[in-house]
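A short write-up of the structure that comes next.
The values are calculated or read from the model by the stated rules, or taken from the named source; none is laboratory data. Quick caveat, the model's predicted, so the values are computed rather than measured. Methodologically, a virtual Cβ is constructed for each residue, glycine included, from the backbone with ideal geometry; neighbour enumeration extends over all protein chains shown.
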There are 2 protein chains.
Amino acid sequence: MDLHSPSVAVVGATGAVGAEIIGCLDRRGFPLSSLRLFASERSAGKVLNYRNQSLRVEPCGADAFAGIRIALFSAGSAVARRFAPIAVQAGAVVIDNSSAYRMASDVPLVVPEVNRATIAGHHGIIANPNCVAIIAVVALWPLHQAFGLRRIVASTYQAASGAGAAAMEELRESTRAALDGQPYEPRVLRQRYAFNLYSHDAAVDLGTGSNEEEIKVMRELRRIMGLAELPIGVTCIRVPVLRAHAISLAVEFERPVTAEAARAVLAVAPGIRVVDDRHSNHFPMPVEATGQDDVLVGRLRADTSDRSGHSLALFVAGDQLLKGAALNAVQIAELLLAGPG
Amino acid sequence: MDLHSPSVAVVGATGAVGAEIIGCLDRRGFPLSSLRLFASERSAGKVLNYRNQSLRVEPCGADAFAGIRIALFSAGSAVARRFAPIAVQAGAVVIDNSSAYRMASDVPLVVPEVNRATIAGHHGIIANPNCVAIIAVVALWPLHQAFGLRRIVASTYQAASGAGAAAMEELRESTRAALDGQPYEPRVLRQRYAFNLYSHDAAVDLGTGSNEEEIKVMRELRRIMGLAELPIGVTCIRVPVLRAHAISLAVEFERPVTAEAARAVLAVAPGIRVVDDRHSNHFPMPVEATGQDDVLVGRLRADTSDRSGHSLALFVAGDQLLKGAALNAVQIAELLLAGPG
């Protein structure tokens, strides 16, 4: 197939991630020959802008993918399960942002900074990982290469955007209501969000007590890094932040580690900006990660709960809609163009 | 001294914690004979209500404590260092909410649910611990008694109230400005707070990379529990929440532990309400901890980063102004009344 100047489709174009995918394609000068935008019947007919063209959003049907070479899906698992095979049948490579195919053995789960070589093994579908897994692994992978991961304890501070544009709007609206002393009934999220935080609303596994978000993060981190047995504990919490996730990490390594050695490793790692200024108390923050391609990494120090000299604490922040979703998908598409394919 | 119906003073009466101390004295029917309220020169002259009495706030001077039997201080370290010895000299027992005396060997550091017996060893000053340390230790102590603490990894989600009433107002004002698209220059806190979070603004130790808040939490947890060598790692983060802290904990124990066994222990522990409903995804939240005396404890499950069966993950939330500060101080005062003193 011609991947030098491919015809591209975005499925779920009117969502929060879809908008960022279109933005990334534009900003990064993706060499597409044509762009088609798909969404649900409800959103079809909207007109979106791409490079001064007005593009009409089309409903996603069974014959939508004729001639499409790369289809970027950001429309949830049900849409992916229904339409990704159809797109592949029509000749497209699908890069899917949902969790539908992430653990399928014939579907690469890709973060370009970590495992770009696995792309070559695709059979038409490539999965874009969970946003927390992507943002964490960009920081963890270079540390693994240098020191050897042995154990990860993570607590997340997750933004509204992970639940979509409507959740971002609910955070704004409910916060305004709280400031005005007005009642507000949540519609998108189950819990009060204004000036509150809560355990991630994904379903809880009644046996283990982990929720589905935590299970995704753990198994996807293991799969992306190829560390099938890596012990990981994750607590996923939603905080009243709009669109950048933060993660507090305590990590044990096979080999001795110091903050200085870790900082030196991270300073030259791809996709990372070290923000670690103890003098001025300047560390990764969601507002500074917002709109940035890089994952911000800081608070690098010995984890004082382990006196062996093998543990590190760190704090990361990354734009959930960019590196956590749209940017990573577009980077995968760029690798398809650059590859032998 | 007569501690059956003592004369009481509140120092720092116009602050966020001071107001809650007055509220706790009232609500709990503290049997005081008289109440005097002190604050800085700037706040002196204000009139506050206590049980339908209007009390004029007095400036805190060298002769302020004549006749006072219990002085509840919530005015910061500088005021405590200056006036607590004067109050003791005048015959008062001081319960101080600042960090000034917390690590002094002749000053008990008290959380009644944990180490009430240490009150007897006071020499006029009793210290009220750091808010995160109090909220964490109420949950950790019964687990320690049952299973034996071996290691703690904690990440906090700290509310604005920890920085005082002005910080709470700044969170509200800056959030309104953000919603309105208006600029806002932080005055109380160094960082943008609206829809953001950041590493605690306490000074960072340049050698270890821990900040002063984290250092307080670690050393106070060890001191309150009498576990001088307990390995603890803490990451302290301020989140845009008004007045209840949350803490994500991963804890290793000497003995095997299960979520069920931990739940049974916590269900009968003082000062705790177990909020741990996997079916309905209902777990501790700041908005539900607000105004509550109890610390909410939930998300009880095996810490999947340790396969030995000795580790537990949990999530707690507690009102920073109540159990984290004012309530704990008033509970100490109640113990003074009840004790042999």
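Taking the conditions exactly as written (within 7 Å of chain B (Cβ to nearest Cβ), without any contact (Cβ under 8 Å) to a residue 12 or more places away in the chain, buried (at least 22 other Cβ atoms within 10 Å of the Cβ) and more than 19 Å from A:ASN128 (Cα to Cα)), does A:VAL204 satisfy them or not? Give the derivation first.
Numbers: within 7 Å of chain B (Cβ to nearest Cβ): yes; without any contact (Cβ under 8 Å) to a residue 12 or more places away in the chain: yes; buried (at least 22 other Cβ atoms within 10 Å of the Cβ): yes; more than 19 Å from A:ASN128 (Cα to Cα): yes.
Here the answer is yes, as A:VAL204 does meet what is asked.
Considering B:PRO284, B:PRO340, which residue is modelled with pLDDT under 95 and either within 26 Å of A:MET218 (Cα to Cα) or out of contact with any helix residue (DSSP H, G or I) (no Cβ under 6 Å at 6 or more places or on another chain) (or both)? Steps first, please.
Working: B:PRO284 fails: modelled with pLDDT under 95.
On inspection, the qualifying residue turns out to be B:PRO340.
From (1) of a type in the set (Val, Ile, Thr); (2) more than 9 Å from chain B (Cβ to nearest Cβ); (3) surrounded by fewer than 17 Cβ atoms within 10 Å (Cβ to Cβ), pick out the condition that doesn't hold for A:VAL217.
It fails just one condition, (3).
I need the full set of residues from region A:114-161 which are among the aromatic types (Phe, Trp, Tyr), closer than 19 Å to A:ASP294 by Cβ and in contact with a strand residue (DSSP E or B) (Cβ under 6 Å, 6 or more places away or on another chain), in order please.
Scanning region A:114-161 gives a single hit, A:TYR157.
Checking A:PRO270 against (1) out of contact with any Asp or Glu (no Cβ under 6 Å at 6 or more places or on another chain); (2) surrounded by fewer than 20 Cβ atoms within 10 Å (Cβ to Cβ): exactly one of these is not met. Which one?
With (1) out of contact with any Asp or Glu (no Cβ under 6 Å at 6 or more places or on another chain); (2) surrounded by fewer than 20 Cβ atoms within 10 Å (Cβ to Cβ) applied to A:PRO270, the lone miss is (1).
Is region B:318-326 home to any residue that is of a type in the set (S, T, N, Q) and in contact with a strand residue (DSSP E or B) (Cβ under 9 Å, 6 or more places away or on another chain)? Reasoning before the result, please.
Restricting attention to region B:318-326, the residues satisfying the condition of being of a type in the set (S, T, N, Q) are B:320.
Now drop any that are not in contact with a strand residue (DSSP E or B) (Cβ under 9 Å, 6 or more places away or on another chain), which leaves B:320.
Scanning region B:318-326 turns up at least one residue that is of a type in the set (S, T, N, Q) and in contact with a strand residue (DSSP E or B) (Cβ under 9 Å, 6 or more places away or on another chain).
Restricting the search to region A:277-311, which residues are within 11 Å of another protein chain (Cβ to nearest Cβ) and surrounded by 23 or more Cβ atoms within 10 Å (Cβ to Cβ)?
Filtering region A:277-311 down to residues within 11 Å of another protein chain (Cβ to nearest Cβ) leaves A:277-290, A:298-308, A:311.
Listed by number, the residues that qualify are A:PHE283, A:PRO284, A:MET285, A:PRO286, A:ALA289, A:GLY298, A:ARG299, A:LEU300, A:ARG301, A:ASP303, A:SER305, A:SER311.
When you check B:TYR193 against the structure, is it of a type in the set (Ser, Thr, Tyr), surrounded by fewer than 20 Cβ atoms within 10 Å (Cβ to Cβ) and more than 9 Å from chain A (Cβ to nearest Cβ), yes or no? It would help to see each step written out before you state the result.
On the way: of a type in the set (Ser, Thr, Tyr): yes; surrounded by fewer than 20 Cβ atoms within 10 Å (Cβ to Cβ): no; more than 9 Å from chain A (Cβ to nearest Cβ): yes.
No.
Give me the residue from region B:177-190 that is among the charged types (D, E, K, R) and within 11 Å of another protein chain (Cβ to nearest Cβ) and, out of that set, nearest to A:ILE152 (Cα to Cα). Explain how you work it out, then say what you get.
First pass over region B:177-190, keeping only residues among the charged types (D, E, K, R): B:180, B:185, B:187, B:190.
Now narrow it down to the ones that are within 11 Å of another protein chain (Cβ to nearest Cβ): B:180, B:190.
Working: B:ASP180: 40, B:ARG190: 31 Å.
The residue in question is B:ARG190.
Among the residues of region A:86-101, is any under 22 Å from A:GLY124 (Cβ atoms), among the acidic types (Asp, Glu) and within 24 Å of the chain's Cα centre (by Cα)? If you could, list the steps in order and put the result at the bottom.
Kept after step one, since they are under 22 Å from A:GLY124 (Cβ atoms), are these residues of region A:86-101: A:86-101.
Add one more test, that the residue is among the acidic types (Asp, Glu), and what stays is A:96.
From the residues that got through so far, the ones that are within 24 Å of the chain's Cα centre (by Cα) too are A:96.
Looking for residues that are under 22 Å from A:GLY124 (Cβ atoms), among the acidic types (Asp, Glu) and within 24 Å of the chain's Cα centre (by Cα), one finds at least one in region A:86-101, hence yes.
Do you know which residues across region B:237-263 are in a loop (DSSP other than H, G, I, E, B), of a type in the set (A, V, I, L, M, F, W, C) and closer than 18 Å to A:SER305 by Cβ? Break it down stepwise before answering.
To start, the set of residues in region B:237-263 that are in a loop (DSSP other than H, G, I, E, B) comprises B:239-243, B:254-258.
Now narrow it down to the ones that are of a type in the set (A, V, I, L, M, F, W, C): B:239, B:241-242, B:257.
B:VAL257, the sole residue that qualifies.
Looking only at region B:221-242, how many residues end up being crowded, with 24+ Cβ neighbours inside 10 Å and of a type in the set (Lys, Arg)?
Residues meeting the conditions: 1.
Checking the conditions here, which among B:ILE134, B:ILE126 is away from chain A (no Cβ under 14 Å) and within 17 Å of B:ILE232 (Cα to Cα)? Explain how you work it out, then say what you get.
Values: B:ILE126 fails: within 17 Å of B:ILE232 (Cα to Cα).
Criteria check complete, one pass: B:ILE134.
List the number of the failed condition for B:ALA264; all other conditions in (1) more than 22 Å from A:ALA202 (Cα to Cα); (2) free of Cβ contacts under 8 Å to residues at least 60 places away in the same chain; (3) within 9 Å of chain A (Cβ to nearest Cβ) hold.
(3)
Of all residues in region A:289-309, how many are more than 18 Å from A:ALA326 (Cα to Cα) and either free of Cβ contacts under 8 Å to residues at least 12 places away in the same chain or not β-branched (Val, Ile, Thr) (or both)? Lay out the reasoning, then the answer.
Filtering region A:289-309 for residues more than 18 Å from A:ALA326 (Cα to Cα) gives A:297-309.
If we keep only those that are either free of Cβ contacts under 8 Å to residues at least 12 places away in the same chain or not β-branched (Val, Ile, Thr) (or both) too, we end up with A:298-309.
Matching residues across region A:289-309 total 12.
What pairs can you find where one residue is in region A:151-176 and at the interface with another protein chain (Cβ under 8 Å from one of its Cβ atoms) and within 30 Å of A:LEU230 (Cα to Cα), the other is assigned to a strand (DSSP E or B) and of a type in the set (S, T, N, Q), and their Cβ atoms are less than 6 Å apart, with a gap of 6+ or different chains?
A:SER155/A:THR235; A:SER155/A:SER248; A:SER155/B:SER155; A:SER155/B:SER248
Filter region B:226-259 for residues that are at the interface with chain A (Cβ under 7 Å from one of its Cβ atoms) and small (Gly, Ala, Ser) and give the result.
Within region B:226-259, B:GLY233, B:ALA246, B:SER248, B:ALA250, B:ALA259 meet the criteria.
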